[in-house]
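Bear in mind that the values in this text are calculations on the coordinates, not laboratory data. Only a predicted model underlies this, so the values are computations on that prediction, with no experimental measurement involved. Please note: Cβ atoms are built from the backbone with ideal geometry, for glycine as well, and neighbour counts cover all protein chains shown.
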Amino acid sequence: MFADWLFTGFSILSVLGAIGLVIFRHPMNGAMSLVITLISLAGLYALLSAKLIFVIQLIVYAGAIMSLILFIIMFLNVQNDDLPNEKDRFLYLIGGGVVLAPVFFFLKKIVQSIPGTEATIVGNGFGGVKEVGLVLFKDWLLPFEIVSILLLVALIGAVVIAGKRRMSK
Amino acid sequence: MIQDYLILSIILFCIGILGVVSRRNVLIIFMSIELMLNAANLAFIAFSRLHLSMDGHVLAMMVMAVAAAEAALALAVVILLHKHKGKLDSNVFSLLKG
């Protein structure tokens, strides 16, 4: 019962944060709304008894990636006249909503045809560090290595992009 | 029920698409893409709880790694474009017209 109330609260908060991200004009307000969405999504992961993903969401997403984005927004020193003039964004939002509504109802119908279970919290033996680690390093070892190569490529790419500016001076 | 989580993930994904198609600020577009990745993560975790297998957790961790790499590269590109044009408008960045 208590978990149902938590789910309602977290889902309302996450949808409100997402709407705020789309509506607010300044990117700093949008980033703060996205932080609300990410933290409430972490709560939803905890309700789905994914303990490791809950911690990783808080540390990596709401901690590292969002602080990087906030740092970049502050580094660029975005003033009000730097921002694009988006007076007609509500019109585009309404038009996009009309276009997306059939897609949403179609997917909703598909999802409701799935035989579901109650999302009760599973105790030990599901979603902890040990169990996910065993699955990760037994069944998913090759994709894990490929992701590490991807991170290396992104590192080299960031260095190349940052270094080109210095050479052109 | 598990379906409520999936419907929530569909709602978040649709809001992310709306942000990408209707806004012109590159930082907002980038954060909307992050929101769509998070909605996909929520669907992964919900299906993983439905089937009581942990493959979805591993996939969600890989999506987070890809999002981190994307954040590093995309923000570097945004900084370069802002230095080049002095604006954050995605209509200004039409450099590939030749």
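Look at where the Cα atoms of segment A:99-169 and of segment A:2-35 average out, and the two centres are 21 Å apart.
Taking a ≥ b ≥ c as the square roots of the eigenvalues of the Cα gyration tensor, segment A:2-124 is oblate, since a/c reaches 1.5 or more and a/b is not larger than b/c.
Working ranking of peptides A:29-37, B:50-58, A:120-128, A:70-78 by packing, defined as the average number of other Cβ atoms within 10 Å per residue, highest first, is A:29-37, B:50-58, A:70-78, A:120-128. For A:Lys87, the lysines whose Cα falls under 19 Å of its own Cα, not counting residues fewer than eight places away in the same chain, are B:Lys87. Relative contact order, percent, of chain B when contacts are C-alpha pairs under 8 Å separated by at least 6 residues? This gives 28 percent for chain B.
With the dipole of chain A worked out from charges on the C-beta (+1 for Lys and Arg, -1 for Asp and Glu) around the Cα centre, which of A:Val78, A:Val111, A:Val135 lies farthest toward the positive end? Of A:Val78, A:Val111, A:Val135, it is A:Val78.
In terms of overall dimensions, the C-alpha atoms belonging to segment A:91-169 reach 59, 50, 20 Å along their principal axes, ordered largest to smallest. Using a Förster radius of 35 Å, what is the FRET efficiency between B:Ser90 and A:Ile114 based on their Cβ-Cβ separation? Nearest 0.05, please. My answer for the efficiency is 0.40. Taking a ≥ b ≥ c as the square roots of the eigenvalues of the Cα gyration tensor, an a/c ratio of 1.5 or more together with a/b no larger than b/c marks segment A:20-87 as oblate.
For the peptide A:5-15, the mean number of other protein chain Cβ atoms found within 10 angstrom of a residue's Cβ is 2. Let me test this: with uniform point scatterers at the alpha carbons of the protein assembly as shown, what is the Debye-based log₁₀ I(q)/I(0) at q = 0.14 1/Å? Values returned for q = 0.14 Å⁻¹ are -1.03.
Based on alpha carbons, the Rg and Dmax found for chain B are 16.6, 53 Å. Mind checking which aspartates and glutamates have their C-alpha under 17 Å from A:Lys130, skipping anything on the same chain fewer than 8 residues away? Cross-link targets: A:Asp139, B:Asp55. Across peptide B:71-78, the mean count of Cβ atoms from other chains lying within 10 Å of each residue's own Cβ comes to 6.
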